[in-house]
Amino acid sequence: MGRVHVLDHPLIQHKLSLVRDKETGAKEFRELVEEISLLMAYEVTRDLPLKEVEIETPVGKARTKVIFGKKLGIIPILRAGLGMVDGMLKLIPAAKVGHIGLYRDPETLEPVGYYCKLPPDVEERELIVIDPMLATGGSASAALNFIKQKGARSIKFVCLIAAPEGIERLRRDHEDVDIFVAAIDKCLNEHGYIVPGLGDAGDRLFGTK
Ligand code: URA
């Protein structure tokens, strides 16, 4: 089973309260989502392997550590995932960015992929798939399927707020994927929104409500 990491750092929790507030406007909402994503990137990359190197400081030789091993890839799920990209890139600027877009078929209600552009060496990268809201888990699970079909072997999923249903679905469908979340909320309402959540993340990011 993939592990669930609830990132309860005080700065993350404080900023999450501000993004939840319905009085927070699009500009501040975007800035806060970026800041939370940066703080989450810090925790998500905690297990990156290090190797020792020898460097010379102005004062003398030193054996120090640098990141070593697989390169990283960030994959936002369109469209709300875009709001988390810049924050993540601030901490891991060398990461390549892929994109995946899905829509829900109105007849079958199943998610259908309409766009998937990933780094060419996706199978060699540690991938961080991002979407602010994990609701039913249907789209996230389908996105992970698409990415795996393209060869991805190492994936982490990062979201701001999850519903228990989404966590359960993702853990069931993708046992190999660890989930990083700032908060797990109560439930979904009849419209598929997370309660209490923050509303529609895409609309609040892009001011389309
Ligand atoms: N997507 C959102 O943007 N908000 C929710 O509450 C659920 C899915």
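The values are calculated or read from the model by the stated rules, or taken from the named source; none is laboratory data. As the structure is a prediction and not an experimental result, all values here were calculated from the model. Because the Cβ atoms are built from the backbone with ideal geometry, glycine has one as well, and the counts that use them run over all protein chains shown. The protein model used for the area step is the full one, side chains on, heavy atoms only, and it has no ligands, DNA or RNA in it. Shrake-Rupley method; radii C 1.70, N 1.55, O 1.52, S 1.80 Å.
From the list Ala162, Ala142, exactly one residue is without any contact (Cβ under 8 Å) to a residue 60 or more places away in the chain, surrounded by 19 or more Cβ atoms within 10 Å (Cβ to Cβ), over 25 Å from Leu18 (Cα atoms) and of a type in the set (A, V, I, L, M). Which is it?
Result of the check over Ala162, Ala142: Ala142.
Is it true that Leu118 is open to solvent by less than 10 Å² (accessible area, probe 1.4 Å), closer than 23 Å to Ala41 by Cβ and in contact (Cβ under 8 Å) with a residue 12 or more places away in the chain?
no
Per-residue answers, yes or no, for (1) within 16 Å of the ligand (Cβ to nearest atom); (2) in contact with a Gly (Cβ under 8 Å, 6 or more places away or on another chain); (3) touching a residue at least 60 places away in the same chain (Cβ under 8 Å); (4) hydrophobic (A, V, I, L, M, F, W, C):
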| position | (1), (2), (3), (4) |
| --- | --- |
| Lys96 | no, yes, no, no |
| Glu107 | no, no, no, no |
| Phe146 | no, yes, no, yes |
| Lys156 | no, no, yes, no |
| Val181 | yes, no, yes, yes |
| Lys186 | yes, no, no, no |
| His191 | yes, no, no, no |
| Pro196 | yes, no, yes, no |
| Leu205 | yes, yes, yes, yes |
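Within the stretch 95-115, can you find the residues that are of a type in the set (A, V, I, L, M, F, W, C) and at pLDDT 95 or above?
Ala95, Val97, Ile100, Leu102
With (1) in contact (Cβ under 8 Å) with a residue 24 or more places away in the chain; (2) within 16 Å of the chain's Cα centre (by Cα); (3) open to solvent by less than 60 Å² (accessible area, probe 1.4 Å) as the list, and Leu89 as the residue in question, which single condition is left unmet?
Among (1) in contact (Cβ under 8 Å) with a residue 24 or more places away in the chain; (2) within 16 Å of the chain's Cα centre (by Cα); (3) open to solvent by less than 60 Å² (accessible area, probe 1.4 Å), Leu89 violates only (1).
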